[in-house]
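Participant: One structure follows; several queries about it will come next.
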Amino acid sequence: MKKIFFILGLILVIPLTNLNAQRIGKLAPEKEPEIYPDNAWGIDIMFGESGFGLGTFLRRQIGGNLTAFADLSFAEAKDEREIEYIDYFGQTFVIGKKNRVFQLPLILGLQYRLFKGDIEDNLRPYVSAGVGPTLVITTPYEEEFFSAFGNAQSKFALGGYVGIGANFGIDKSSLVGINVRYFRVQFFDDGVESLFGRFKDNLSGFFIALNLGLMY
């Protein structure tokens with residue numbers, strides 16, 4: 001008989017224990033959101049359809065989810081019709097190419113954080129957009145890469161991009177992130193001549209940027 005009462009007691013006590021645990025869980029305060037420094041500075045390592053690029057950025061938070069930024073980058077821009085060949089000595093060349101084209105956009109814009117408070121702070125996704133002046137430089141393709149800058153020509157255009165990305169980790173001193181950007185640079189004249197006889201009045205393409213920096 002004592003065994004029966006003991007078993008019945010367990011049957012009654014276990015649900016009450018679970019109920020109390022659930023009540024305690026419901027009363028437990030929610031975790032406060034992480035607060036990160038307002039400013040960030042760093043470098044962008046960029047990989048795009050046209051090749052490799054480098055950049056730097058400066059960011060400042062101006063609201064709960066809104067951050068202002070300035071980006072300056074340097075990357076090569078290629079015509080989509082360019083086809084690279086490799087000669088007998090392992091060197092690459094493009095038939096019909098007249099100029100190498102480089103773009104240096106200074107982009108000012110805004111970044112909006114997504115899902116703040118809905119997901120963990122170690123993943124902070126955002127969307128961004130910006131616009132600004134772009135310096136476009138052309139150098140003769142037939143000349144050696146570095147010496148060709150002695151005969152460089154330049155012009156200004158209007159550039160901008162839209163992107164989506166995320167910052168990772170909860171370290172409040174260093175910043176690590178990645179984003180995907182679609183760039184477009186629009187000229188106010190015939191543009192640049194990358195291939196012989198083919199002028200482009202705009203440059204566009206996708207870049208993947210690895211962001212490394214400091215928060216302060």
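The values are calculated or read from the model by the stated rules, or taken from the named source; none is laboratory data. The shown structure was predicted, so the numbers you read here are calculated from the model rather than taken from an experiment. Here the Cβ positions follow ideal geometry from the backbone for every residue, glycine too, while neighbour counts run over all protein chains shown. Ligands, DNA and RNA are stripped out before the accessible areas are found, and what is left, the full protein with its side chains, is counted by its heavy atoms. Shrake-Rupley method; radii C 1.70, N 1.55, O 1.52, S 1.80 Å.
Participant: Looking at (1) open to solvent by less than 30 Å² (accessible area, probe 1.4 Å); (2) on the phi > 0 side of the Ramachandran plot, which is the one condition that is false for GLY197?
Facilitator: For GLY197, the exception is condition (1).
Participant: In addition: Looking only at region 166-202, count every residue that is aliphatic (A, V, I, L, M) and out of contact with any Asp or Glu (no Cβ under 9 Å at 6 or more places or on another chain) and tell me the total.
Facilitator: 6
Participant: Of the residues PHE74, PHE93, only one is aromatic (Phe, Trp, Tyr), closer than 29 Å to GLY159 by Cα and in contact with a Leu (Cβ under 7 Å, 6 or more places away or on another chain); which?
Facilitator: Matching residue, one of PHE74, PHE93: PHE74.
Participant: Next up: Quick check on my filter: what residues within region 161-194 are aromatic (Phe, Trp, Tyr) and open to solvent by less than 30 Å² (accessible area, probe 1.4 Å)?
Facilitator: TYR161, PHE183, PHE187
Participant: Here is a follow-up. Just checking, does region 165-176 include any residue being farther than 30 Å from ASP38 by Cβ and of a type in the set (Asp, Glu)?
Facilitator: No - not one qualifying residue is present in region 165-176.
Participant: Among strands (runs of 3 or more DSSP E) lying entirely in region 45-144, which contain 2 or more residues that are buried (at least 16 other Cβ atoms within 10 Å of the Cβ) and in contact (Cβ under 8 Å) with a residue 40 or more places away in the chain?
Facilitator: 51-61, 66-77, 99-113, 123-140
Participant: Run GLU82 past the list (1) touching a strand residue (DSSP E or B) at 6+ places or on another chain (Cβ under 6 Å); (2) more than 18 Å from GLY191 (Cα to Cα); (3) at pLDDT below 95 and report the number of the one that doesn't hold.
Facilitator: Going through (1) touching a strand residue (DSSP E or B) at 6+ places or on another chain (Cβ under 6 Å); (2) more than 18 Å from GLY191 (Cα to Cα); (3) at pLDDT below 95 one by one, GLU82 breaks only (2).
Participant: Based on what the data block shows, is GLY160 without any contact (Cβ under 8 Å) to a residue 40 or more places away in the chain, in contact with a Lys or Arg (Cβ under 7 Å, 6 or more places away or on another chain) and not hydroxyl-bearing (Ser, Thr, Tyr)?
Facilitator: no
Participant: Filtering region 145-160 down to residues that are open to solvent by 50 Å² or more (accessible area, probe 1.4 Å), in a strand (DSSP E or B) and not basic (Lys, Arg), which residue is nearest to GLU34 (Cα to Cα)?
Facilitator: Across region 145-160, the extreme among qualifying residues is LEU158.
Participant: I'd like the full set of residues that are open to solvent by 60 Å² or more (accessible area, probe 1.4 Å) and in a strand (DSSP E or B), limited to region 205-216.
Facilitator: Scanning region 205-216 gives PHE206, ILE208, LEU210, LEU212, LEU214.
Participant: For region 28-44, indicate whether the set of residues that are out of contact with any strand residue (DSSP E or B) (no Cβ under 8 Å at 6 or more places or on another chain), of a type outside the set (Ser, Thr, Tyr), at pLDDT below 65 and part of a helix (DSSP H, G or I) is non-empty.
Facilitator: So far as region 28-44 goes, no, none of its residues is out of contact with any strand residue (DSSP E or B) (no Cβ under 8 Å at 6 or more places or on another chain), of a type outside the set (Ser, Thr, Tyr), at pLDDT below 65 and part of a helix (DSSP H, G or I).
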